[in-house]
Amino acid sequence: MNMIYLLNHAIFAAFLSLIAVELGISVLGLAGYKDYWKKMKPYLMPMWEINGTFAVFYIVAFEAMYPQLLTLVGTAYIAPALAAGLFFILRNAFLSYSEYIGSEKHEKRLVGVYGISTIIVAVLAISILTSAVSGSGVNVPLQSISIAAFANVFNILAILSIVLIAIFCTKVLFGFRGNAVLDIGMVALGIVAIIIGAYAGPSYLLFSLRSNFDIALFVFELLFLFVVAVLHASGKRLARFLVIPWLFSAILAFTVFQYPYLFGMEINMLAYTASGAISGYVVFITVAGGLMLAVSLLFLLYMSMRKPYRIISSNRRNRKKA
Amino acid sequence: MLSPVIFDRFDMGFSLAVHILLVIIGMILPVFILCAEVIGTKMKDRYYLTLARRLTLAFIVFFGVGTASGTLVAANLLFLWPKFMSFVGQVAILPVYAEVFAFFLEAVFIGVYIYSADKFRSRYAHAAVMVLIAVGAALSAVFITMLNAFMNTPTGFNISAYLSTGKLVGLNPLAVFNTPSTWVEVAHVVATSYFAGIFVLVAYFAFRLLSAGKRNEEVRIYYRKALSLALVIALFATLAAIATGLITISSLYSIQPEKYAALELDLYPTTHASELIGGFYSNGKIVDAIAIPNLQSILATGSAAGAVPGLSSYPKDTWPPLFVHFMFDILVFFAFGMGAFFILLLILKFAKVDLLSNRYVMHLYIIAAAVAVFLLEDGWIMSEIGRQPWIIYGVMTVAQAANYSASTIPIAIAVVLFYAFILPFTAFILKLIFSNRQLESDLGIK
């Protein structure tokens, strides 16, 4: 597989995984402020800016890795993409407002706007994605889209599927085990929805897997999900650590099935991939920057798991006394 | 029917103008918070420590709105100017890509600074995290300015081959980091961003002191300390902005001669060039200008006999709109005004006027801040209009790069309405946050 394609889609999978968790948080937060929001807030607060930065990361990585596709993508998707941009600002703004507003009444309202904005951003982003994958409603030579790009079975089922899977992943991640059978039913419905959607739309995605590796990967992802679901149902903490890796690998698997096409096999991405000297530097910056990001995130994780200093020092004093 | 290009231009210009305002605050706040925290820790001064804590709240809100508006600008670049970004993607994308990681540096360490504040043994270690945030914010500005410098002085590919065949050959992707205008422009952008940003804080503290009225004396001390720190930083930032501004304008004549000629309203290349103040281009002549003999040649080249470029060396259809000369005059006038402002402060200091409480001086600070922000915006707009009709000088025009989709029209309107709502609402929320967290209780008075 082409290195640039793999890197670009790994960034995409990381971005979509983080946004999917935020989508789940938004839906659950709107459904139950007291039951869900308060438990999810400590995770979201140090992370929301990083999630947002992944959006920029993906946009710029795409610009760097597929420069010759930008005229088509930029011209065709201007309306939904910039509308998503405006709701993205609302998402950032209202979440940051809510953090220190103080009053619970105000916080609940601000979180509500954050949740609705995030859901709208996610729906617009999924719609752009499904349209780019399937090519439905896209006129490639004219670089334009019609309403059919979004009003089609694949897109509607993909939105439903991703929302259900996002809720499942969020519930597993935060250990919400109200009704595990319902959760498993939800994710199963999500999987069925995306399979039916692919059948109705870009059937090349799942119904003409081109190699044994593709088939093995598909089976592996289903088994991986099965393990996560069983662990979640049986209340094992391991499920919380495995669910995001599953989500990431499942999204990446879809991009492997898609390889190397865009717009329903109309465009072969390999013909548009950055080449020559610039591609080497792009890979270098991705790897070097990725390493810096990984180290920074590990430091963030280390600090967030550390006890407050006063507790550490009082524990030391107690040990000395003992 | 208006061309969609007009809406593309408007949308981009408006989004950038708003984003710049958020960026300058996002750049200066980490520096200011860092200074306050270090001074507060070193001197065990609760006023400075409270200042650092309270401004951190404002920083989070500005960062949230600012980064999102930055994302919108990034999306605007792609969707309003797809052919431009397609070109940049093949030649000059590396600084834009590197900027993402500067952005990550900022985002990750903001999380550490705020949510792990009580987990550091040393307060200096906690403050050191803010150094990384400040570096991330400054690097973002540096990298994105590199792209702008490329637009002004493109390099890294064979331009004549591209213009004759449309093919990109002789590519050197690293050249974008070091174009002829890169380092001069980077220095000036960073300096002026800090300059305008710190004056916003000066104005805020002056306003709070004016409205503090009969509040507790400790509250007044808090704002006086905040204002004094802001003024010290403002002095350094102003000196840096003036120095880099002088270097920028004196280098412009050799590296961007057409823009220079438009700014100075020079019709013909000449020696012993006069500095023109005011004036208009009419029927092939400059009229109604006040001319100071030889001054322009001296300022640009260091010698009265020095040659300066003229617009007649370029085809008339590539001349920028000549009202940039008027913008340049205004810029120079107000830049002198800022210099005069500091001289006036010095005189008042010798006259034993209290610069941290006198009501007239407080009003002066607020006016100075408005001028500083105006200077920044005027400078950016002048620089961008001064490159017209090119988006990449001599290579691609704005009209060639634009998105001609009719969707740009409602989007441009939506962007204006959106910012018209979000900016005042952000100010309102900040007021609500701070009214719920009384300064008196943060200072331990209540």
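The values are calculated or read from the model by the stated rules, or taken from the named source; none is laboratory data. Keep in mind it's a predicted model, so treat the numbers as computed, not measured. Glycine gets a Cβ as well: all are built from the backbone with ideal geometry, and neighbour counts include every protein chain shown. Note: accessible area is taken over every heavy atom of the protein model, side chains too, but ligands, DNA and RNA are not part of it. Shrake-Rupley method; radii C 1.70, N 1.55, O 1.52, S 1.80 Å.
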(request) Check region A:38-46 and report whether any residue there is at the interface with chain B (Cβ under 7 Å from one of its Cβ atoms), of a type outside the set (S, T, N, Q) and under 24 Å from residue A:137 (Cβ atoms). (result) no
(request) Taking the options A:129, A:86, name whichever one is within 20 Å of residue B:427 (Cα to Cα) and either out of contact with any helix residue (DSSP H, G or I) (no Cβ under 7 Å at 6 or more places or on another chain) or within 8 Å of chain B (Cβ to nearest Cβ) (or both). (result) A:86
(request) Report whether or not residue B:401 is buried (at least 17 other Cβ atoms within 10 Å of the Cβ) and under 30 Å from residue B:157 (Cβ atoms). (result) yes
(request) Kindly provide the set of residues from region B:122-150 that are closer than 21 Å to residue B:59 by Cβ, hydroxyl-bearing (Ser, Thr, Tyr) and either touching a Gly at 6+ places or on another chain (Cβ under 9 Å) or surrounded by 19 or more Cβ atoms within 10 Å (Cβ to Cβ) (or both), ordered by number. (result) B:140
(request) Select from region A:62-83 the residues that are assigned to a helix (DSSP H, G or I) and more than 7 Å from chain B (Cβ to nearest Cβ) and write down the one among them that is nearest to residue B:107 (Cα to Cα). (result) A:62
(message) Go through (1) modelled with pLDDT under 90; (2) β-branched (Val, Ile, Thr); (3) surrounded by 17 or more Cβ atoms within 10 Å (Cβ to Cβ) for residue B:308 and report which single condition fails.
(response) (1)
(request) Within region B:170-214, work out how many residues are within 14 Å of another protein chain (Cβ to nearest Cβ), open to solvent by 20 Å² or more (accessible area, probe 1.4 Å) and hydrophobic (A, V, I, L, M, F, W, C). (result) 3
(message) I need a count of the residues in region B:407-446 that are more than 7 Å from chain A (Cβ to nearest Cβ), open to solvent by 50 Å² or more (accessible area, probe 1.4 Å) and over 30 Å from residue B:13 (Cβ atoms).
(response) 6
(request) Return yes when residue A:228 is among the hydrophobic types (A, V, I, L, M, F, W, C), assigned to a helix (DSSP H, G or I), open to solvent by less than 40 Å² (accessible area, probe 1.4 Å) and touching a residue at least 60 places away in the same chain (Cβ under 8 Å) and no when it is not. (result) no
(request) Might you let me know whether region B:313-324 holds any residue that is under 22 Å from residue B:384 (Cα atoms), open to solvent by 60 Å² or more (accessible area, probe 1.4 Å), in a helix (DSSP H, G or I) and of a type in the set (S, T, N, Q)? (result) yes
(message) Of the residues B:233, B:242, only one is closer than 17 Å to residue B:196 by Cβ, in contact with a Cys (Cβ under 9 Å, 6 or more places away or on another chain) and touching a residue at least 12 places away in the same chain (Cβ under 8 Å); which?
(response) B:233
(message) Against the condition in contact with a helix residue (DSSP H, G or I) (Cβ under 7 Å, 6 or more places away or on another chain), within 22 Å of residue A:182 (Cβ to Cβ) and either at pLDDT 95 or above or among the small types (Gly, Ala, Ser) (or both), how does residue A:239 come out, does it pass?
(response) yes
(request) Scan (1) at the interface with chain A (Cβ under 7 Å from one of its Cβ atoms); (2) in a helix (DSSP H, G or I) for the single condition residue B:106 breaks and write down its number. (result) (1)
(request) Can you tell me which residue within region A:159-182, out of those that are assigned to a helix (DSSP H, G or I) and over 19 Å from the mean Cα position of the chain (by Cα), is nearest to residue A:131 (Cα to Cα)? (result) A:182
(message) Can you say whether residue B:364 is open to solvent by 40 Å² or more (accessible area, probe 1.4 Å), within 28 Å of the chain's Cα centre (by Cα) and closer than 22 Å to residue B:242 by Cα, as far as the supplied structure shows?
(response) yes
(message) Checking the conditions here, which among B:119, B:167 is open to solvent by less than 40 Å² (accessible area, probe 1.4 Å) and either in contact with a Lys or Arg (Cβ under 9 Å, 6 or more places away or on another chain) or free of Cβ contacts under 8 Å to residues at least 40 places away in the same chain (or both)?
(response) B:119
